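Engineer: Quick one: structure below, then a few questions.
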Amino acid sequence: MTELPAIVLVGPPAAGKSTVGALLAGRLGVKFCDVDNVIEAQQNRPVTEIFAELGEPAFRSLELDATLAALESGGVVALGGGAVTNARLRAALAGHPVIWLRATVHEAVRRVGASTTRPLLSGDVAGNWRRLVNERAPYYEQVATIVVDTAGRSPAKVAAQITSQLTTQGLR
């Protein structure tokens, strides 16, 4: 593992993990890894196709492997919204600063729009988003060392708040 543990962003789809993660990495001068992007590159196809062709369990297995490698590499790591449902992955997050980005359903629906890149939100985006958040919130809470609300705030302001909190807590 690197000298400093990876900083991990968790939260529901469209909470801003990828956008905030890239900004946060830039502020800290470290590399950024979006686990979904890593999986897409490894599989040479989008997450939606992986879900459709292999199913969610196979995707979660790929996600675990990619996440464990990303944690070892350090920097800022953005996890997919459902990564925390895996008990082994949750255990691997111990010792890492984990930031739970919380969003509102209104913000998430606005951000997702008509996107087809989020397979678990297809159809009733708002209803599916609420269901996922309700199912996953206990996991986010379990792993989070910092909680940040993103609604109505720019990604830059969210990244600045996280940087400040990491510094205050002696994590950077």
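Every read-out reported here was derived from the displayed coordinates using simple, explicitly stated rules and does not represent laboratory data. Worth saying up front: this structure is predicted, and the values here are computed from it rather than measured. Reconstructed Cβ throughout: ideal geometry from the backbone, glycine too, with neighbour counts over all protein chains shown.
Engineer: Determine, from the Cβ-Cβ distance of Ala160 and Ser61 and an R0 of 41 Å, the FRET efficiency 1/(1 + (r/R0)^6), rounded to the nearest 0.05.
Structural biologist: Result of the calculation: an efficiency of 0.70.
Engineer: So how strong a dipole does the stretch 7-168 carry about its Cα centre when Lys and Arg Cβ are +1 and Asp and Glu Cβ are -1, to the nearest 20 debye?
Structural biologist: Approximately 480 debye in magnitude.
Engineer: Let me ask something else about it. Could the peptides 130-139, 155-164, 16-25 be put in order, highest first, of the mean number of other beta-carbon atoms found within 10 Å of their residues?
Structural biologist: 16-25, 155-164, 130-139
Engineer: Using DSSP, restrict attention to beta bridges with both residues in the chain and report what percent are antiparallel, rounded to the nearest 5.
Structural biologist: So the antiparallel bridges amount to about 0 percent of the total.
Engineer: Work the Kirkwood hydrodynamic radius out for the chain: mean of 1/r over every pair of different alpha-carbon atoms, inverted, in Å.
Structural biologist: After inverting the mean inverse Cα-Cα distance, the result is 16.0 Å.
Engineer: What whole number of Å gives the distance from the Cα centroid of the stretch 69-94 to the Cα centroid of the stretch 147-161?
Structural biologist: 21
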